[in-house]
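Enquirer: This is the structure I have questions about; it appears just below.
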Amino acid sequence: MLKKLDLFTPIGLILGLVVVGLAIYFNAGIDAVSLFMQLASVFIVFGGVSAALLVNFSARDLKKFPMILKEAFRHREYDLQELNETFVMLAKKARKEGLLALESQLDGDVEDPFIRKGVRLAVDGIEPEMIQDILMAEVVSMEERHRRGRRIFERAGEFAPAWGMVGTIVALVIMLNDLEDPTTLGPAMALAMLTTLYGAVLTNLFFNPIASKLENKTETEVFVNQIMIEGIIGIQSGQNPHILEEKLRAFIREERKPEYDVRESGVLAHEV
């Protein structure tokens, strides 16, 4: 398993900001860029979203926010071909020496905790159906855990445009209350428009894309876990290693790849 920085996330965020900045620059020049930096707009949108999240989630959920955000910037690769070879090796050893011989093999040759747990269940003589139920329960639990973490970004994506509108309404009220002074119209209108802009940018460049990326990572992890479960059940049932190999290869053939680009040379690994 390889864990490294996912460059596409920061590149995408920076590219989005650069595109907006260049659009401003090409239309109004460098001096106009400063006009789009209003502390009041930032305060309303970021402060409002933060307040809404505090109301919507518990302190326990929000403490996980930095760790969840970090996951969007990390990329874990797992070599599916190597995974296939690992299960074939374990299947050959199980057929030759029995399931009990696999316990010593786990300590040196198998690093993934999901595989280790499944093989140990097989060594303990648990029935295939029960092993599948136990491992699938763990997968479901993982999906639910990821869903709860991803929900923070999904809710923030819903709150940001609304707080942008709140800022717009506040600025319009200020502007309409002081129509006699023309000098206040420009700053008030700028505040009104900028809060809406900030909310839209936060939603469509940060919160929603991050939530979608986390969802894709979860789908990938589930896919890898399904391969592992098939391999573990094959070992427990004494399946012919060559048949097991062909069965697992079906998961990584070109025509079976999911749209989120699971590569035969590497995909996201099981996340603990």
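The values are calculated or read from the model by the stated rules, or taken from the named source; none is laboratory data. Quick caveat, the model's predicted, so the values are computed rather than measured. Please note: Cβ atoms are built from the backbone with ideal geometry, for glycine as well, and neighbour counts cover all protein chains shown. Note: accessible area is taken over every heavy atom of the protein model, side chains too, but ligands, DNA and RNA are not part of it. Shrake-Rupley method; radii C 1.70, N 1.55, O 1.52, S 1.80 Å.
Enquirer: Looking at Glu143, is it open to solvent by 70 Å² or more (accessible area, probe 1.4 Å), of a type in the set (D, E, K, R) and in a loop (DSSP other than H, G, I, E, B)?
Expert: Spelling it out, it is not the case that Glu143 is open to solvent by 70 Å² or more (accessible area, probe 1.4 Å), of a type in the set (D, E, K, R) and in a loop (DSSP other than H, G, I, E, B).
Enquirer: Moving on to the next point. Check off (1) open to solvent by 20 Å² or more (accessible area, probe 1.4 Å); (2) over 30 Å from Met136 (Cα atoms); (3) touching a residue at least 60 places away in the same chain (Cβ under 8 Å) for Pro209 and give me the number that stays unchecked.
Expert: Condition (2) is where Pro209 drops out.
Enquirer: Sort out which residues of the range 121-140 are surrounded by 13 or more Cβ atoms within 10 Å (Cβ to Cβ) and part of a helix (DSSP H, G or I), and write them in order of number. Steps first, answer last, please.
Expert: Looking only at the range 121-140, we keep the residues that are surrounded by 13 or more Cβ atoms within 10 Å (Cβ to Cβ), and these are 121-123, 126, 128, 131-132, 134-136, 138-139.
Answer for the range 121-140, where residues must be surrounded by 13 or more Cβ atoms within 10 Å (Cβ to Cβ) and part of a helix (DSSP H, G or I): Leu121, Ala122, Val123, Pro128, Ile131, Gln132, Ile134, Leu135, Met136, Glu138, Val139.
Enquirer: Out of Gly164, Gly149, which single residue is part of a helix (DSSP H, G or I), touching a residue at least 24 places away in the same chain (Cβ under 8 Å) and buried (at least 21 other Cβ atoms within 10 Å of the Cβ)?
Expert: Details: Gly149 fails: buried (at least 21 other Cβ atoms within 10 Å of the Cβ).
Checking each option against the conditions leaves just Gly164.
Enquirer: While we're here: Considering each of Thr220, Thr183 in turn, give the residue that is among the polar types (S, T, N, Q) and open to solvent by less than 70 Å² (accessible area, probe 1.4 Å). Steps first, answer last, please.
Expert: Numbers: Thr183 fails: open to solvent by less than 70 Å² (accessible area, probe 1.4 Å).
Selected residue: Thr220, the only one of Thr220, Thr183 that is among the polar types (S, T, N, Q) and open to solvent by less than 70 Å² (accessible area, probe 1.4 Å).
Enquirer: Go through (1) more than 20 Å from Ala137 (Cα to Cα); (2) of a type outside the set (Lys, Arg); (3) open to solvent by less than 30 Å² (accessible area, probe 1.4 Å) one by one and return the number of the condition Gly238 breaks.
Expert: (3)
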